[in-house]
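Report on one structure; see the data block that follows.
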Ligand code: CAA
């Protein structure tokens with residue numbers, strides 16, 4: 001089987017980046033979001049992304065145009081059923097993800113591979129609610145997708161070898177590098193990254209440093225491209241909290257307890273860059 005057509009469910013920062021990268025690599029992409037405005041905004045961002053590459057002479061203008069033309073908007077989710085590969089990149093909420101897979105179920109082609117860009121939820125559990133756990137995998141991209149080299153590949157307990165090999169090939173074709181992770185809460189990157197971010201928030205909460213001093217310390221002291229609080233705003237504080245909750249519940253260790261300040265910010269609707277307010281003010 002060869003993957004040619006790809007459906008991306010969810011047109012947020014991750015879905016838009018994924019669609020951009022796949023179309024550039026030659027795949028026919030369908031993009032769906034329950035919010036039509038979100039899809040239009042994603043198309044704008046993707047076009048800007050290609051323009052940026054063209055301006056740096058990393059992409060030929062004709063190729064950029066062809067890539068853009070390979071992205072179609074799916075009017076309804078079920079239109080994606082017959083595609084070769086579906087990448088779910090919707091909100092980090094298990095009920096929403098299950099609902100998407102359930103809605104797709106009667107429309108799926110027999111060969112369709114289902115994947116999820118979940119950053120922390122059990123692949124085995126999500127797979128078990130579908131009709132094809134053997135053709136289901138975790139396919140975890142990093143933000144910003146066009147820039148970050150890594151894709152985590154996570155097999156559920158039932159994922160078959162053919163599916164795994166096909167996705168490894170897809171990662172190569174889009175020019176990225178795969179790291180295989182076992183199906184444990186938050187896999188590799190977020191198992192390590194999120195406790196660091198949570199600890200930075202505790203450092204702020206306990207008054208050890210200010211937002212600026214914590215970020216400066218980590219940027220200049222450990223050569224991280226962004227400080228942990230700036231990175232938390234970039235990822236989204238709701239996403240950070242959701243991942244910490246998965247770690248805390250799944251590994252039952254108090255070291256993963258979400259910092260109360262993180263909880264409070266999320267309750268206030270201060271979710272970082274996307275709401276223009278988080279640890280920094282973007283207004
Ligand atoms: N789309 C396309 N290209 C982009 C981009 C985007 N959204 N954002 C930045 N770039 C490109 C720029 O064009 C630039 O390219 P060149 O170097 O080739 O000119 C390059 O990336 C660097 O960008 P900038 O100079 O504008 O800014 P920067 O040097 O501050 O880098 C950054 C921005 C790449 C985001 C950098 O700050 C960084 O790497 N931050 C850390 C990101 C990170 O850790 N991501 C993982 C988050 S965890 C995750 O995603 C997992 C999860 O499940 C939560």
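The values are calculated or read from the model by the stated rules, or taken from the named source; none is laboratory data. All of these numbers come straight from a predicted model, not from anything done at the bench. In this analysis, Cβ positions are derived from the backbone assuming ideal geometry, glycine residues included, and neighbour counts consider all displayed protein chains.
Conditions tested, residue by residue: (1) within 16 Å of the chain's Cα centre (by Cα); (2) within 11 Å of the ligand (Cβ to nearest atom); (3) more than 29 Å from residue 115 (Cα to Cα); (4) without any contact (Cβ under 8 Å) to a residue 24 or more places away in the chain.
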site	(1), (2), (3), (4)
145	yes, yes, no, no
152	yes, yes, no, no
163	no, no, no, no
172	no, no, no, yes
179	yes, no, no, no
188	yes, yes, no, no
206	no, no, yes, yes
210	no, no, yes, yes
258	no, no, no, no
When (1) in contact with a helix residue (DSSP H, G or I) (Cβ under 7 Å, 6 or more places away or on another chain); (2) closer than 30 Å to residue 54 by Cβ; (3) within 14 Å of the ligand (Cβ to nearest atom) are applied to residue 80, the one that fails is (3)
Go through region 52-64 residue by residue and tally those that are under 25 Å from the mean Cα position of the chain (by Cα) and either within 10 Å of the ligand (Cβ to nearest atom) or loosely packed, with under 14 Cβ neighbours inside 10 Å (or both). 3
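Would you confirm whether or not region 252-273 contains a residue that is within 22 Å of residue 145 (Cα to Cα), at pLDDT 95 or above and assigned to a helix (DSSP H, G or I)?
Within region 252-273 (the criterion being within 22 Å of residue 145 (Cα to Cα), at pLDDT 95 or above and assigned to a helix (DSSP H, G or I)), the answer is yes, since at least one residue qualifies.
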Does residue 196 count as within 11 Å of the ligand (Cβ to nearest atom) and outside any helix (DSSP H, G or I)? no
Given the residues 163, 177, which is the only one that is surrounded by fewer than 13 Cβ atoms within 10 Å (Cβ to Cβ) and assigned by TED's automatic domain parsing to the domain that holds residue 134? 177
Residue 104 part of a helix (DSSP H, G or I), over 23 Å from residue 39 (Cα atoms) and touching a helix residue (DSSP H, G or I) at 6+ places or on another chain (Cβ under 7 Å): no
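Residue by residue, here is whether (1) out of contact with any helix residue (DSSP H, G or I) (no Cβ under 6 Å at 6 or more places or on another chain); (2) surrounded by fewer than 17 Cβ atoms within 10 Å (Cβ to Cβ) holds:
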site: 142; (1), (2): yes, no
site: 145; (1), (2): no, no
site: 150; (1), (2): yes, yes
site: 156; (1), (2): no, no
site: 172; (1), (2): yes, yes
site: 198; (1), (2): no, no
site: 219; (1), (2): yes, yes
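Yes/no matrix, rows are residues, columns are (1) farther than 20 Å from residue 140 by Cβ; (2) buried (at least 16 other Cβ atoms within 10 Å of the Cβ); (3) touching a helix residue (DSSP H, G or I) at 6+ places or on another chain (Cβ under 6 Å):
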site: 1; (1), (2), (3): yes, no, no
site: 6; (1), (2), (3): no, yes, yes
site: 12; (1), (2), (3): no, yes, no
site: 31; (1), (2), (3): no, yes, yes
site: 34; (1), (2), (3): yes, no, no
site: 39; (1), (2), (3): yes, yes, no
site: 43; (1), (2), (3): yes, yes, no
site: 75; (1), (2), (3): yes, no, no
Return a yes/no flag: does region 121-130 have any residue that is crowded, with 19+ Cβ neighbours inside 10 Å, within 12 Å of the ligand (Cβ to nearest atom) and under 19 Å from residue 240 (Cα atoms). yes
Only one of 265, 256 is under 30 Å from residue 157 (Cβ atoms) and buried (at least 16 other Cβ atoms within 10 Å of the Cβ); which? 256
Report yes if some residue within region 222-244 is over 24 Å from residue 145 (Cα atoms) and within 15 Å of the ligand (Cβ to nearest atom); otherwise report no. no
Note on region 3-14: residues part of a loop (DSSP other than H, G, I, E, B) and over 17 Å from the mean Cα position of the chain (by Cα) are 3, 4
Residues (out of contact with any strand residue (DSSP E or B) (no Cβ under 8 Å at 6 or more places or on another chain), away from the ligand (no atom under 15 Å from the Cβ) and in contact (Cβ under 8 Å) with a residue 60 or more places away in the chain) located in region 104-120: 111
Looking at (1) farther than 25 Å from residue 231 by Cβ; (2) part of a strand (DSSP E or B), which one does residue 153 not meet, given that it meets all the others? (1)
Of the residues in region 15-29, those that are surrounded by 21 or more Cβ atoms within 10 Å (Cβ to Cβ) and over 16 Å from the mean Cα position of the chain (by Cα) number 4
